[in-house]
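The structure appears below as structure tokens.
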Protein chains: 2
Amino acid sequence: MLKKNRLFTPGPTPLLPAAQNAMAAYGAHHRTADFRALFSRVLADLKEFIGTKNDVLVLTSSGTGFMEASLTNLTSPGDKVLVLTAGKFGERWVSLAKAFGCAIETVTAPYGETIPVDEVRAKLKPDIRCVYVQATESSTGARHDVEGISKLVRALPDTLLVVDGITGLGTTRFDVDGWGIDIIIGGSQKALMIPPGLAYGAVSERAWQRMEQTKSPRYYFDLRKERKAAQKGETSYTPATSLFAGLAAALDYIRQMGEGNLTAGRDALVANAEMCAAMTRAGVEALGYKLFTPKSPAAALTAVASPTGIDSSTIVKHFREKFGAVVANGQAEMKGQLFRIAHLGYYDYMDTVGVLAALEHVTAAVTGKAVEFGSAVRAAQEVYARASSS
Amino acid sequence: MLKKNRLFTPGPTPLLPAAQNAMAAYGAHHRTADFRALFSRVLADLKEFIGTKNDVLVLTSSGTGFMEASLTNLTSPGDKVLVLTAGKFGERWVSLAKAFGCAIETVTAPYGETIPVDEVRAKLKPDIRCVYVQATESSTGARHDVEGISKLVRALPDTLLVVDGITGLGTTRFDVDGWGIDIIIGGSQKALMIPPGLAYGAVSERAWQRMEQTKSPRYYFDLRKERKAAQKGETSYTPATSLFAGLAAALDYIRQMGEGNLTAGRDALVANAEMCAAMTRAGVEALGYKLFTPKSPAAALTAVASPTGIDSSTIVKHFREKFGAVVANGQAEMKGQLFRIAHLGYYDYMDTVGVLAALEHVTAAVTGKAVEFGSAVRAAQEVYARASSS
């Protein structure tokens, strides 16, 4: 059969057609009133999307660029930082902190588990300058208790909290200002439904004050410089202009989802990911799979443990070869142990039942066992129907 | 949940992304070497797609434009024509023949049935100048026996056969030259996966000879003029240039489906529609629906009879409101009695199981009866699995 290219990866995610059109059409120079108007509008919309009164900045980089900015702008070499890590993206915080000479403490949870808040409490000391955590760990599909962690951090006067919300924003509920998150980071190729190339984040007043003292080397990712430029409707360095045009269109689409209200649209987008995730979890469990992250699964993606004796690479390969669908393998040492199906951004009911129906064939093929066709789909449909009638 | 706009209508059909990109990018003038090269390449590819050595022409019009051309170029006022009609598109042949003053004979089958070849035999007389028929009647989902009909027509020396293959090309197997079809007509917004605006057709040597004598008035649709222009790589009047760019990209995509061979790709596209159709028929029947055209269903689309006492408009409405999916209602007097799900062009496995899963919810909602979730999907999956393993 014909095979459409279908991304079920937790970033990049399927592109919003209206954003694709806007990107294809956009060709303005970035030092013009046209771009300044677009840029300022995107910043204002992102503020509402994140749900914050803090300054919002956009960097032309991947999400890792804003992670680096959150490290270099908020620390000096030798500063003590606490990294909460339970997957490949937690480990990225450790690598960044190491690269810039911080003294690193960690709270570590095994892959597939969520950060234990009690251990965070035990490790948090007043001399820790920054705490770094993921909202959702995309490598394992775990959701961490950002609210619980933020309560602990906010009890300390001189400790900042940085949240990697790259797959969390648009899939998870945050009260950024109420919880006191000092920097929260997002990426364009996630719930915002456009290609990679832009990272965005909201920066608190506490974080701006910290930047007056910190000495880690930074240039491209100098947030104070970006803030000054943004106040004039500009970026410090050449921005990825077409991606801004796409982002504006995506934010308009989210506003339409909220019938003219961007906050309501963002909440609808989160609810959509939650529904896709709940349907998917029910579907894969009906097929006998175990969730890789059963205790606190994210809505951004579902990580599914590969059946004993079966390398998840064969599952990923079957999806691609038979259905043109790209599901994600495990990363690094988790490769072969799990596969991941994304729900963040531009996914709907038919995408969700489609990937589950395909998984039924894939499962039969890789396990060699009989699969009751329709069983994963049915479990997902029951979740959908219960929610629709309630 | 988020609702993607999904067309399940038998034209327009979902757009091929590569064709959308090509259309967005194309801006050449039509009286240039660039356009002549594109145009000539499209004509050559369409020849292979149709599977004919006859001249192929493309008109900037809907399919009905080429239907009109097939009437006005092949007849003179008062000429006897035989129209084989079993639906709204059969009736269109009658309206056209009437508008241009032909003497009309018909073989009529009820909506949902296929043209009875024996009746065609009985009505065919040597003084009939032209026979007009649909390959697949899009209003009812019926497939007519073009091969059987063509054998009867070819036995007469002075009778031409015109086949509306608008939803037939790319979904049905034809031997255009072997069967002796004098004109076969296609449309851009069908199996070719681009928007409406172009009609194409292959014209036999017999048909060109006929045009030397015929006197029905024609100007924009004068095929001999178009043939002369095409020999110079041009069209008589301003062509829809961007649609030609899209068509070239679509034909390239079909060639890729055939691993570099356009004929093989076309056959794969036909097989894809057949598989989507077989899955859909099994799915809807598993839900207790009756096919509107059980005897000779087309692969282009499946027409499903609405359950007794239920207006199919409510089914169409539910699909749109709950799932963002557009399925087609019955046309004119068939409105309310049936709904139609398309398979022609850019549809894959996930589209097919997706629309069936949605139909299960829609069915529960409109009938108020319990539906076994997953049952339509399962029936479709069994069809797919049997074909995949054979």
Which order do the peptides B:378-386, A:294-302 come out in when sorted by mean C-beta neighbours inside 10 angstrom, highest first?
A:294-302, B:378-386
Sites residue A:76 and residue B:259 - FRET efficiency at Förster radius 51 Å, r taken between beta-carbons, to 0.05
0.30
Which one of A:302, A:316, A:11 has its Cα pushed farthest toward the positive end of the charge dipole of the protein assembly as shown, where Lys and Arg give +1 and Asp and Glu give -1 at the Cβ?
A:11
Qualifying lysines (Cα of each under 22 Å from Cα of residue B:151; at least 8 residues distant if same chain)
B:53, B:80, B:123, B:125, B:295
Please give every one of the aspartates and glutamates within straight-line cross-link reach of residue A:322, meaning a C-alpha to C-alpha distance under 15 Å, and leave out same-chain neighbours fewer than 8 residues apart.
A:360, B:348, B:351
Could you list the trypsin sites (Lys or Arg not before Pro) in segment A:3-110 that lie in coil according to DSSP, counting only those with at most 14 other Cβ atoms within 10 Å of their Cβ?
A:31, A:53
Cβ-Cβ cut-off under 11 Å around residue B:57, Lys and Arg +1, Asp and Glu -1: the net charge is +2
Inter-site label distance for residue A:308 and residue B:232 at 7 Å from Cα along Cβ, in nm
7.8 nm
Quick one: grab the alpha carbon gyration tensor of chain B, order the square roots of its eigenvalues as a ≥ b ≥ c, and give me rounded if a/c is under 1.5, else prolate or oblate depending on whether a/b is larger than b/c.
oblate
Is there a quick way to get the dipole size of the protein assembly as shown? I mean about its Cα centre, with the Cβ of Lys and Arg at +1 and of Asp and Glu at -1; what is the value in debye to the nearest 20?
760 debye
If you add up the charges near residue B:202, with Lys and Arg at +1 and Asp and Glu at -1, over every other residue whose beta carbon is less than 14 angstrom from its beta carbon, what do you get?
-4
Order by neighbour count: B:253, A:219, fewest other Cβ atoms within 10 Å first, most last.
A:219, B:253
For the rotation taking chain A to chain B, which residue of A has the Cβ nearest the axis, and how many Å away is it?
A:374, 2
Those helices of chain B passing the 30 Å axial Cα length cut-off and the mean Kyte-Doolittle cut-off of 0.0 (DSSP H runs only) are B:262-286
Need the C-alpha centroid separation for segment A:325-376 versus segment B:195-260, integer Å.
44 Å
Need one word for segment A:73-159: rounded, prolate or oblate. Basis is the Cα gyration tensor (sqrt eigenvalues a ≥ b ≥ c); a/c below 1.5 gives rounded, then a/b vs b/c decides.
oblate
Can you tell me what share of the DSSP beta bridges in segment A:17-257 is antiparallel? A percent to the nearest 5 is fine.
40 percent
Treating only the Cβ atoms of Lys and Arg (+1) and Asp and Glu (-1) as charged, compute the dipole magnitude of segment B:17-257 about its Cα centre; round to the nearest 20 debye.
460 debye
If each label sits 7 angstrom from Cα along the C-beta direction, how far apart, in nm, is residue B:41 from its counterparts in the other copies?
3.6
Exercise: per-residue mean of other protein chain Cβ atoms within 10 Å, B:345-352:
6
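Normalising by the residue count of segment B:17-257, find the relative contact order in percent from Cα pairs under 8 Å and 6+ residues apart. Present the calculation step by step, with values, prior to reporting the outcome.
Values: 477 pairs, mean separation 73.7, N = 241.
So the answer I get is 31 percent.
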In nm, what is the difference between 0.36 nm times the number of residues separating residue A:156 and residue A:53 and their Cα-Cα distance?
34.9 nm
Other protein chain Cβ atoms within 10 Å, averaged over every residue that makes up A:369-376
5
For segment A:177-240, which trypsin sites (Lys or Arg not before Pro) pass both filters: DSSP loop (anything but H, G, I, E, B) and at most 14 other C-beta atoms within 10 Å?
A:215, A:232
Residues whose placed amide H lies under 5 Å from that of residue A:80, excluding near-sequence neighbours:
A:103, A:129
Tell me the mean residue ellipticity at 222 nm calculated for the protein assembly as shown from its helices only (DSSP H runs of n ≥ 4, each -39500 (n - 2.57), averaged over every residue, nearest 500).
-14000 deg cm²/dmol
How far is residue A:232 from the same spot in each other copy, in nm, shortest first, if each label point sits 7 Å from Cα toward Cβ?
5.8
Here the FRET efficiency for residue B:386 versus residue B:105, based on Cβ atoms and R0 = 41 Å and rounded to 0.05, is 0.40
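Every number here is computed from the coordinates shown, using simple stated rules; none is lab data. Computed from a predicted structure; not experimentally measured. Virtual Cβ from ideal backbone geometry, glycine too; neighbours counted across all protein chains shown.
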